[in-house]
Structure formats: structure tokens, C-alpha cells
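Computed from the coordinates by the stated procedures, all read-outs in this text should not be read as laboratory data. This is a predicted model, so every value here is computed, not measured. Please note: Cβ atoms are built from the backbone with ideal geometry, for glycine as well, and neighbour counts cover all protein chains shown.
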Amino acid sequence: MLAAFSYARLRRQNSTMGEDLEKLKQRLPLLDYLRQQNWCGRPAGQGTEFVGLCPLHSESRPSFYVNARKNLFYCHGCGQGGDLIRFVELSRHLSFPQSLAYLQPQRVRGDAADAREQAVVFYQQQFPCHPEALRYLERRGVHDPALIEELRIGYAPGGNLRRHLTNQGYSLESLQRDGLVNPQGGDTFYRRIVLPCGQGREVVNLYGRSIGAAFPHRFLPGPKGGLFAWDSVRHFSTVILVEGLLDLAVLGQAGFRNTTCAFGTHLTPLQFQQLSEPPVRGVYIVFDQDENQAGQRTAHQLARRLAGVSVPARLVELSAGHDPNSYFVAGAAAADFAACLEGAQPL
């Protein structure tokens, strides 16, 4: 009640600050913040509400509810409830002004996220204007326009993102700080297929795949985020884990919509947590069949880690030397891959 009164009084005193607070909560949704703090919740009801153990007190039965649409929480165990700022007050034992100060860096990241989101939209607009980008995807077996739009695939020709974003009011210094523009003032991504890496509803990074002779993979500085498209995949009873986005794209085209990727073989703590969060789901691991056995060894190690947290994992073997992308480019069909899944062995 006191926090609500403080909040209302602050808005009366300074409506601009009140608007900033609303923008802060929109840029950093409560559910996303809780997941960043390693809170695990399962869907309850109609999909916009989640329930899990309360982070504010010890309990053995979940009683902490989060309404993602309203951006509010309430615990039936301890009786506490409110918005993002109230949760920070309670969990960090901070005053209202201290909570705002604590969340200020998150607001700065939100501004950077806005720039990344604008870059994604711009690269999507560039894609149909550059035939070399379309030809590259066709060579890699990706040709479904609906899937390209769904994955938000774009193209960075280079030399025009900086001008576009500075014309929208972003400073050159902020773009360099976030990595979208390099220290020399040029676009970081050049002649690359570009896709967004998300965490919740926020673009936390960009992945660029070279279509020329440059080093194949490039990310912006900072974390890669969670598993790709996890919010749409996490509700399946089984998921297919691949290394790269081109692997994911060809499997999505073939109808395997329960596919996600980790942008490599080594999962971050967040990505591993996502795979192991309730409800328990089976995981098919389809890493590259490397000649040096590196992909196979990493797959075995991951399967053992998942087994250690009671998540059943199976190792999927493709033809020697293939990853899912090259497997389909070489002529495999959905039925062939389905047979590989059926033949997958547990650890």
C-alpha cells in the first residue's frame, strides 16, 4: 500500500517521470526480469499466466503467479503482489527510489534493444532488394517465404545501417557502444544474412552469416540470449536441438516445428536452464557429424548433463559428415529425417 501511494504521489508530482516508469516496465516485462533471475514458472490457465515457487519466501508448493499481460505478480503464500518495481523493492530490500536506480541500467539496455530491433526491421526490408541474399538461401535449401518472414531473416549489404539509424535519432556513439557500428564508423554486418537473437520479447543480439569469404559467424558483443524461438517451442513434449539457424530453417520447412538452436554446441547457463525447466520434455540432439568427432562428443556430454537433471535425451545420427542443413540440401526428405529420429538412441 505504501509503495502504491509513493508511486501515485510521484506521478502527481512529475507526470514525465510517470511516463518513463511505464516505458521502463514495457521495455523490461516482469516475466522476462524474473526469468533473468532464474525463476521457473509453468503456464497456468489461458497462457498469459504462469505459476512457480515464490522467490520472496521459502515454499514447497508453487503459489507465486505472474500475469504476463498485466505485468503483475501475486503470491498466495506470502500475500505479496504488485508490479516490477514492487518486486525489486521486496526481493532486493530497497526503497522505491533505490529500486528505480537499480533498474536504471536495465532501462539503458532497453534503449540499446530498441536500436537492435530497428536494425532487424531494416535488414528485413533490405532482403528482397538484394538477389545475392536470396540466391544464398536457396543454395542452402531455404526457400519458403513464410518461414523467412517468421524467422525475421534479413540481409546486411553494409554501408547503410549507420545512416538509417542516425537519421532516426540514434547517436553514433550509442551504435558503436552496442556494436552495430564498428570503431571505424562502418556497419558491423556486411554481406551477411542476419537474424535476431531474442530473450523473451527483446532482441538481445544479432547473428550474421557471411554469404562470401569472410568468417562465417558473427554476433554483436554481449550474450547471445536464450534458445532460438524458445517461447514457441517450449510447449512441445519433445524438442529438436540443432547447432545453427540454417539447420533450424530447413527442419522448419520440412514440418519439424519443435526445433530450436543454441548457436553452437556449447549451451549457456540460460539455454541449459530452458531445456531443463518444467514441464519435462524429451530432447533430440542433432549436432554436426564431424570427422574429428567434436560434435558427437559434445552431444554426448550434453546428453549426460540433461540426464543428470532428469531430462531424457537422445542422440540423432545423420549420414557421415552431414548436419541437418546439408542433409536436406543433399536430397533428404522429411520422412528420412523422421526415420533418423525414430532410430535415435538414448545415452
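Fully extending the segment from L56 to N167, taken as 0.36 nm per residue of separation minus the present Cα-Cα distance, adds 35.5 nm. Would you mind checking the tilt of helix 15-27 against the longest principal axis of the Cα atoms of the chain, expressed as 0 to 90 degrees and rounded to 10? The angle comes out near 30 degrees.
Put simply, the amide H of V181, placed in the peptide plane, has neighbours under 5 Å in Q176, T188, leaving out anything fewer than 5 places away on its chain.
Helix 294-308 axis versus longest C-alpha principal axis of the chain: approximately 40°, rounded to the nearest ten. Derived scalar couplings between HN and Hα for the range 225-235 equal x, x, 4, 5, 6, 4, 4, 8, 9, 5, 8 Hz in order, rounded to whole Hz, by the Karplus curve 6.51 cos²θ - 1.76 cosθ + 1.60 (θ = phi - 60°), x for Gly and Pro.
Between 0 and 90 degrees, rounded to the nearest ten: what's the tilt of helix 2-13 against the longest Cα principal axis of the chain? Between helix and principal axis, roughly 90 degrees. For the chain, the relative contact order works out to 10 percent when only alpha carbon pairs closer than 8 Å and six or more residues apart are counted. Among Q98, Q184, Q124, the largest mean-square fluctuation in a Gaussian network model of the chain (Cα springs under 10 Å) belongs to Q184. Modelled spin-label separation between Q273 and C40, with each label point placed 7 Å from Cα along the Cα-to-Cβ direction: 1.1 nm. A simple spin-label model places pseudo-atoms 7 Å from Cα toward Cβ; at L94 and R304 they are separated by 4.1 nm.
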